[in-house]
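Report on one structure; see the data block that follows.
The values are calculated or read from the model by the stated rules, or taken from the named source; none is laboratory data. Bear in mind that the values here come from a model prediction, so they are computed numbers and not experimental data. For neighbour counting, all protein chains shown are included, and Cβ atoms are generated from backbone atoms with ideal geometry for every residue, glycine included. Just the protein is used for accessible areas: all its heavy atoms, side chains included, with ligands, DNA and RNA removed. Shrake-Rupley method; radii C 1.70, N 1.55, O 1.52, S 1.80 Å.
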Amino acid sequence: LGASRLKLKNYQGALEVLEPLLEDEAAVDAQTLALLGTAYMLSGDSAKGTEYMDQAVKLAPDQAFLRTQLAAGHIALGDTESAISTLQAAVDLGQDLIQADVLLVLSYLEREQFEKAVQAASDLEQRMPDSPIPANLTGLAYLAQNKFDEAEKKFNEALSIDTGFVVADMNLARLSMAADKPEEARRHYQDVLKKNPEHIGAMMGLASIEAAADKQDEAERWVTKANQADPEALQPILVLADLHLRRNLGLKASGLLSGLSEQQANIPEALRLRGMAQLQGGNFSAAASTLKRLVNEQPGNIEGWFQLGRAQAAAGDAGSARESFDQAIALDKDHQFPL
């Protein structure tokens, strides 16, 4: 029942049936602890989830998938060093659990240990020659080092193994953008859309190319298509709202942002855009409230403090506005004159 509720993303429901099992020592096995750990991680309590997953690994040290989940908890807590050692132990068990290898390579890349990332990905290529994933990972490790020729070779190698592996196409587009070759990138994004006409990432990539070429109408067309393909996808909503604000269409921006989930609505960029839309629409008190939440989340956000000051001044709160402007000035070290 707990596992079923996890599948249904009813994490609290899973915890309700799993937690009572802890009262019966006979019922506390590695599977129970792993389910509890997963439920806590998915519900947002990474620390408690990692604690239960660690207990599960101690009860079943030969299960690579448990070590992989424990490593995911370490990553969520920002403990990449522990994640790497846990993942290496999972890989060493030799159970061909590709998630462990993928996370290991990505963890090395996060720590900028590029040679280790290349070695781990190459080892996986040897073990899984018929999968495009290892070659793609090796390509990512080369791309992180700006070794464009080696990266391109690996991404193309992944596509030769599986022509439908659009992840490699997307990485070839990234590589082309990094090499300042937008037309090549455009071709790769279009290849992705031939294989998957509703691929959000490819549409947003094309939008960024058009925006960089100052073709704003074309950029907006691609972002709108991405939003229509997946109305719940966050990135198209935020980019489209920003485009509306640049055209003084605050009402349209507000309408888009009103459809965000509670979690999405509280991320800093969504708060910034909502505050700007409210400011543009003349709802100054609401804008000040929204932008205050933004600077509480990101106290070092210079623009946030400046826009908060604008909203407070427009709402008639001169004292608070002065404090916000002073805070923006204090943070803006690059534009301060020596006394």
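When +1 charges are put on Lys and Arg Cβ atoms and -1 charges on Asp and Glu Cβ atoms, the dipole computed for the chain relative to its Cα centre reaches about 1220 debye. Ligands, DNA and RNA left out, the accessible area of the chain computed with a 1.4 Å probe is 50% carbon and sulfur.
With θ taken as phi - 60° and the Karplus curve 6.51 cos²θ - 1.76 cosθ + 1.60 applied, the whole-hertz 3J(HN,Hα) list for segment 38-50 is 5, 4, 5, 4, 5, 8, x, 9, 5, 5, 5, x, 5 Hz, x standing for glycine and proline.
Between segment 165-204 and segment 245-270, the C-alpha centres lie 27 angstrom from each other.
Electrostatic bookkeeping for Arg111 treats Lys and Arg as +1 and Asp and Glu as -1; over the other residues with beta carbon under 14 Å from its beta carbon, the sum is -4. Report summary: the helix-based calculation at 222 nm, which adds -39500 (n - 2.57) for every DSSP H run with n ≥ 4 and divides by the residues of the chain, gives -23500 deg cm²/dmol.
Per residue, the accessible area of the chain comes to 53 Å², computed with a 1.4 Å probe over protein heavy atoms only. Packing, taken as the mean count of other beta carbons within 10 Å per residue, orders the peptides 161-174, 229-242, 248-261 from highest to lowest as 161-174, 229-242, 248-261.
Ordering Gln280, Leu103, Ala185 by the projection of their Cα atoms onto the charge dipole of the chain, which places +1 on the Cβ of Lys and Arg and -1 on the Cβ of Asp and Glu, puts Gln280 at the extreme positive end. Compared with the dominant Cα axis of the chain, that is its longest principal axis, helix 302-314 is turned about 40°.
Between [x] 54, 23, 21; [y] 40, 30, 20; [z] 36, 21, 19, which entry matches semi-axes √(5λ) of the Cα gyration tensor in Å as derived from the coordinates of this structure? Identified label for the calculated read-out: [y]. The spacing between segment 107-129 and segment 1-62, judged by their C-alpha centroids, is 31 Å. Electrostatic bookkeeping for Ala212 treats Lys and Arg as +1 and Asp and Glu as -1; over the other residues with beta carbon under 13 Å from its beta carbon, the sum is -2.
Using only the alpha-carbon atoms, how far is helix 132-144 inclined from the longest principal axis of the chain? Give it as 0 to 90 degrees, nearest 10. It works out to around 50 degrees.
Can you give me the angle between helix 182-195 and the longest principal axis of the chain, using Cα atoms only, in degrees from 0 to 90, rounded to the nearest 10? The two axes meet at around 60 degrees. Computed over segment 92-235, the P(r) curve from all C-alpha pair distances, binned at 10 Å from the origin, holds 12, 36, 32, 17, 3, 0 percent per bin. Net charge in the neighbourhood of Pro236 (other residues with Cβ under 10 Å of its Cβ; Lys, Arg +1, Asp, Glu -1) is -1.
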